[in-house]
Structures are given as structure tokens and as C-alpha cells.
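The values are calculated or read from the model by the stated rules, or taken from the named source; none is laboratory data. Because the structure is predicted, anything quoted here is derived from the model rather than measured. All Cβ positions, glycine included, derive from the backbone under ideal geometry; neighbour counts span all protein chains shown. Areas reflect the complete protein model, heavy atoms only, side chains present, ligands, DNA and RNA absent. Shrake-Rupley method; radii C 1.70, N 1.55, O 1.52, S 1.80 Å.
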Amino acid sequence: MAKLPRTGLLVALALFIADQASKLFVTQGLGIRYMGDVRDVLPIFALRFVPNYGISLGLLTADGTLQRWALVALTSAIAVGVAVWMTRERNRAEQIALGCVLGGALGNILDRARLGYVVDFADLHFGEWRPFLVFNVADAAITIGVLVLLVRALLVRDKAAPVENSNA
């Protein structure tokens with residue numbers, strides 16, 4: 001039996017907990033829980049409640065119960081695929097990146113299953129210019145994990161063992 005990727009699973013668990021705790025703190029602790037509720041933290045950063053009924057970039061908006069559960073099923077299937085990939089991955093950096101993706105995915109899946117939408121609250125802005133949509137810890141974890149996987153796939157070459165010459 002393959003050895004479980006303990007580091008990746010711990011990263012996933014830590015990010016899942018951080019995501020859910022941050023959403024609870026913003027919505028319950030600070031009372032930012034209705035569309036339009038906002039609290040400025042810095043001149044370039046605010047906490048703003050935005051219910052996200054779609055997936056990345058507002059695509060595939062779930063307007064009804066059937067679409068909501070279809071998104072839960074789709075994202076759950078992706079999370080299972082990431083978990084399987086992580087159990088087969090031997091590279092620690094990639095296990096950690098996959099743990100970021102898995103932890104973030106699970107945080108957003110729980111929101112959608114429990115609430116019918118994903119709680120987004122982090123609003124980075126420079127005046128009126130917003131380089132990102134309002135996001136959450138799970139979204140940031142998924143983005144960082146995917147970027148690490150892409151950089152490693154495109155730019156980092158693991159040194160393979162030299163091939164022996166069989167003509168000798």
C-alpha cells in the first residue's frame with residue numbers, strides 16, 4: 001500500500017480550518033454577513049461580504065437547487081481527483097501544492113453544500129481598481145497551489161538518474 005502523503009494532508013487540513021475560521025470570524029465575529037457590508041482595514045484592503053453562487057470568475061452560476069448540487073458534485077469529483085493525485089505524488093513540493101488545492105476546494109465545497117454559496121470577503125483594491133475579484137482563504141490557497149504546480153511543470157526539471165549505456 002502506498003504511503004500516505006502526510007505533509008500534503010496536513011497542509012489541506014490546516015488550510016481548510018483557516019478558511020472556515022476566517023469566514024466565521026468575518027461573518028459572525030465582525031458581523032459582515034450581508035451583501036453590501038464592508039469594513040475598511042487598510043487603504044488598499046477591505047473586508048466585504050460577497051456571496052459567490054458560481055465558480056472561478058463567477059462562471060457556472062448556480063441559480064437553483066439542481067445547479068447548486070451539480071456544482072457540489074463537480075467540485076467534489078475534482079477534489080477526489082486531487083486527493084488521488086496527491087497519494088501518488090512522491091515530490092514533497094507537489095504534495096504541498098496539491099494540499100493547498102485540496103484544502104481550498106474542501107472549504108469552498110462545504111460552504112456551497114451548507115449555505116448554497118461560497119463566502120468571499122477579501123477585497124484588495126487600489127482606489128477603484130480591483131486586480132482580483134473578492135476572494136477568500138480557500139481561493140488564495142487554490143490559486144497558489146495551481147501556480148506552484150504550473151511553475152514546477154514548466155520550469156523545474158527534477159534530475160533523473162543517468163541512463164546506462166547498454167552497448168558497453
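Summary table below
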quantity	calculated
Given (1) over 17 Å from Gly145 (Cβ atoms); (2) out of contact with any strand residue (DSSP E or B) (no Cβ under 6 Å at 6 or more places or on another chain); (3) open to solvent by 50 Å² or more (accessible area, probe 1.4 Å), index of the condition Pro51 fails	(3)
Residue under evaluation Val80, criteria (1) modelled with pLDDT of 95 or more; (2) farther than 20 Å from Ala18 by Cβ; (3) surrounded by 14 or more Cβ atoms within 10 Å (Cβ to Cβ), criterion not met	(3)
Pairs where the first residue, in the stretch 1-26, is among the small types (Gly, Ala, Ser) and surrounded by 13 or more Cβ atoms within 10 Å (Cβ to Cβ) and the second is at pLDDT 95 or above and not in a helix (DSSP H, G or I), C-beta under 8 Å, 6+ apart	Ser22/Phe121; Ser22/Asn136
Hey, Asp111 farther than 14 Å from Phe16 by Cβ and of a type in the set (D, E, K, R) or not	no
Every residue from the stretch 60-86 that is assigned to a helix (DSSP H, G or I), hydrophobic (A, V, I, L, M, F, W, C) and touching a helix residue (DSSP H, G or I) at 6+ places or on another chain (Cβ under 9 Å)	Trp69, Leu71, Val72, Ile78, Ala79, Val82, Ala83, Trp85, Met86
Tally of residues being surrounded by 17 or more Cβ atoms within 10 Å (Cβ to Cβ) and outside any helix (DSSP H, G or I) across the stretch 126-152	3
The stretch 28-47 residues that are open to solvent by less than 60 Å² (accessible area, probe 1.4 Å), paired with ones that are basic (Lys, Arg) (beta carbon under 7 Å, 6 or more apart)	Leu30/Arg39; Ile32/Arg39; Ala46/Arg39; Leu47/Arg39
Within the stretch 44-77, tally of residues that are more than 23 Å from Phe132 (Cβ to Cβ), at pLDDT 90 or above and polar (S, T, N, Q)	1
